[in-house]
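Structure first, then comments.
The values are calculated or read from the model by the stated rules, or taken from the named source; none is laboratory data. Computed from a prediction, not measured in an experiment: that's the story for all the values here. Here Cβ is always computed from backbone atoms with ideal geometry, including for glycine, and neighbour counts include all displayed protein chains. Note: areas computed on protein heavy atoms with side chains; ligands, DNA, RNA excluded. Shrake-Rupley method; radii C 1.70, N 1.55, O 1.52, S 1.80 Å.
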Amino acid sequence: YWLASGSQLLLSMGNDLLGFTDFGTKRVKNIHSILCDLKGNIWFSTDEGLFIADEHRRNLKEVRLPKAKPTHIISLYEDDNGYIWAGTFGNGLYCIHPQLQKIKLFSEPEGLSNGNILSIKGKTNQLWLATLGGAYKCTITGDPFDEKSSIVFTNYGVQHFPGNNYIYSVFIDSRTGCG
């Protein structure tokens, strides 16, 4: 199991914890989110950006996001197709195609009216997002990088919940298959 603390990545080896603070010449600090993909790569975000460490934790590569202003990644998720989804604090949702090194941003113009994405979970062609503006269901038809695909965001916010609409986490229920 991998754990992220403020200043290091921790790997649980049963009863022991192995800490990683350095990756080659890069020292990591202020870790916000972590994901181990199906290929064994470790994805994590810090104040400085989004990074991928290979399965041996020797090589570290920064993922350059196509946005001029600083982007803070606060949630990560890998879907069934191996795409990495990165939720930001205020800038929307990125979809990353690791093999082709393509990146696509989803935000207000695509129907995601709240870009503060605290948690992401999914199953088959749906993602569920926890945001500071309610929960969102994202239904994906086709490949997100294909212009012919359809991506629809449904907001479950003010009209569905009393009080504030801060949703901190989403969870896929294994019994119903729903978010």
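Filtering Ile96, Ile103 for residues that are aliphatic (A, V, I, L, M), open to solvent by 40 Å² or more (accessible area, probe 1.4 Å) and closer than 23 Å to Thr154 by Cα leaves a single hit, Ile103. Of the residues in the range 96-110, at least one is within 11 Å of the chain's Cα centre (by Cα) and either of a type outside the set (A, V, I, L, M, F, W, C) or in a strand (DSSP E or B) (or both). Number of residues in the range 160-171 that are surrounded by 10 or more Cβ atoms within 10 Å (Cβ to Cβ) and at pLDDT below 80 equals 4. Within the range 129-138, the only residue that satisfies the criterion of being open to solvent by 40 Å² or more (accessible area, probe 1.4 Å) and of a type outside the set (D, E, K, R) is Leu132. Within the range 124-139, can you find the residues that are farther than 18 Å from Asn91 by Cα and in contact (Cβ under 8 Å) with a residue 40 or more places away in the chain? Answer for the range 124-139, where residues must be farther than 18 Å from Asn91 by Cα and in contact (Cβ under 8 Å) with a residue 40 or more places away in the chain: Thr124, Gln126.
Condition test on Ile84, is it open to solvent by less than 20 Å² (accessible area, probe 1.4 Å), of a type in the set (A, V, I, L, M, F, W, C) and under 10 Å from the mean Cα position of the chain (by Cα)? Criteria met by Ile84.
How about the range 64-93: which of its residues are of a type in the set (Phe, Trp, Tyr), closer than 18 Å to Asp37 by Cβ and assigned to a strand (DSSP E or B)? Residues satisfying the conditions are Tyr77, Trp85. Considering each residue of the range 41-63, count those that are assigned to a strand (DSSP E or B), on the phi < 0 side of the Ramachandran plot and modelled with pLDDT of 85 or more, and give that number. Qualifying residue count, the range 41-63: 11.
Of all residues in the range 106-128, exactly one satisfies the criterion of being polar (S, T, N, Q), open to solvent by 60 Å² or more (accessible area, probe 1.4 Å) and within 22 Å of Asn41 (Cα to Cα), namely Thr124.
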